[in-house]
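Report on the following structure.
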Amino acid sequence: MAETKKGIHLVTEGFELDRVIEPIYDYPIQKMIILRSKQTNYPEADKLSSHYVEKIKKELRVEVEVKETDIYSFEEVYQKTAKIIKQNQQKPIYINISSAPKLALVAMITAAYQNKQKNTEIFYVKPQKYLLPQLLGKIANDESLEETKKEFLEHGFAKGKTSYEQIPIFPIQQTNELDKKILKTLKKQEQANSITKLKNQIEKKSNESIKRSTLQYRIKKLEQNDLIKTQRENRRLKIEIQKLGEIYLKNK
């Protein structure tokens, strides 16, 4: 079970109370941080979510900080989670994913993994009873909700598709200082048209000499981890930073 030292509970907003409050008896709380969505296109859902946020504030006798976050953006949830972990390295961080939408859940776990701290724990609370199936059963028998019921039976929890949120697979290997210099240089320049140009730019910025063979090796490793991509044009190697590299760099 969790250590007894008081720490920070990190959760996302949702239609939950018990699974947010109950863990404080096993994971002692000093403060709770709630990642809460900006206004959505569903005012009734926003209102219901606000109801639970306010109940959490009333139930807890500790500081509750609400951070406005697009909880349906992988990058935004990842960055917020990583920042919270970094800013509280001396405190236990208890990441409760029970109320998190799937995308936020993946982002929070990824951020925790990428910012490994021995005092960070991730947990999911199994409830005594799921109330949603019971609620859906009531809706299915309510004739006044016939149109909504028809859509639900035809499409499920959500209808249609608008776009995809790509989730990057982060590298297991740790990057070194030269890797960070490569990524920073590529981020600033957008791309390098050759290894020689990249080498010169890094050396000029750092005032340190770099072996070409070392730089080539690190470029190969970064590409294997999908942080950069290379493309040979004529006799030159074009080097570009990938979206994953940009996200990874922001967190370093």
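The values are calculated or read from the model by the stated rules, or taken from the named source; none is laboratory data. As the structure is a prediction and not an experimental result, all values here were calculated from the model. FYI the Cβ positions are ideal-geometry reconstructions off the backbone, even for glycines, and counts take in every protein chain you see.
Numbers at a glance
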{"item": "Only one of K220, K250, K211 that is under 30 Å from I84 (Cβ atoms) and loosely packed, with under 15 Cβ neighbours inside 10 Å", "result": "K250"}
{"item": "Selection within the range 55-104 - more than 19 Å from K250 (Cα to Cα), polar (S, T, N, Q) and in contact with a Lys or Arg (Cβ under 8 Å, 6 or more places away or on another chain)", "result": "N96, S98, S99"}
{"item": "Within the range 25-53, tally of residues that are within 17 Å of the chain's Cα centre (by Cα) and modelled with pLDDT under 90", "result": "2"}
{"item": "Boolean, K238 is assigned to a strand (DSSP E or B) and out of contact with any Asp or Glu (no Cβ under 8 Å at 6 or more places or on another chain)", "result": "yes"}
{"item": "Positions within the range 151-179 being modelled with pLDDT of 85 or more and either more than 12 Å from I241 (Cβ to Cβ) or out of contact with any Leu (no Cβ under 9 Å at 6 or more places or on another chain) (or both), in sequence order", "result": "N176, E177, L178"}
{"item": "Residue under evaluation E44, criteria (1) surrounded by 14 or more Cβ atoms within 10 Å (Cβ to Cβ); (2) over 23 Å from Y113 (Cα atoms), criterion not met", "result": "(1)"}
{"item": "Flag for K220 being part of a helix (DSSP H, G or I), outside the structural domain of Q114 (by TED's automatic domain parsing) and in contact with a Lys or Arg (Cβ under 9 Å, 6 or more places away or on another chain)", "result": "no"}
{"item": "Scope the range 109-148; condition in contact with a helix residue (DSSP H, G or I) (Cβ under 8 Å, 6 or more places away or on another chain), touching a residue at least 24 places away in the same chain (Cβ under 8 Å) and not polar (S, T, N, Q); matching residues", "result": "A111, A112, I122, F123, V125, P127"}
{"item": "The one condition in (1) modelled with pLDDT under 90; (2) of a type in the set (V, I, T); (3) over 22 Å from the mean Cα position of the chain (by Cα) that I56 fails to fulfil", "result": "(1)"}
{"item": "Extreme residue, surrounded by the most Cβ atoms within 10 Å (Cβ to Cβ), among residues of the range 5-16 that are within 22 Å of the chain's Cα centre (by Cα) and not in a strand (DSSP E or B)", "result": "E13"}
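Here's the yes/no breakdown for (1) buried (at least 19 other Cβ atoms within 10 Å of the Cβ); (2) in a loop (DSSP other than H, G, I, E, B):
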residue: E22; (1), (2): no, no
residue: S49; (1), (2): yes, no
residue: E54; (1), (2): no, no
residue: K58; (1), (2): no, no
residue: K67; (1), (2): no, no
residue: I84; (1), (2): yes, no
residue: Q90; (1), (2): no, yes
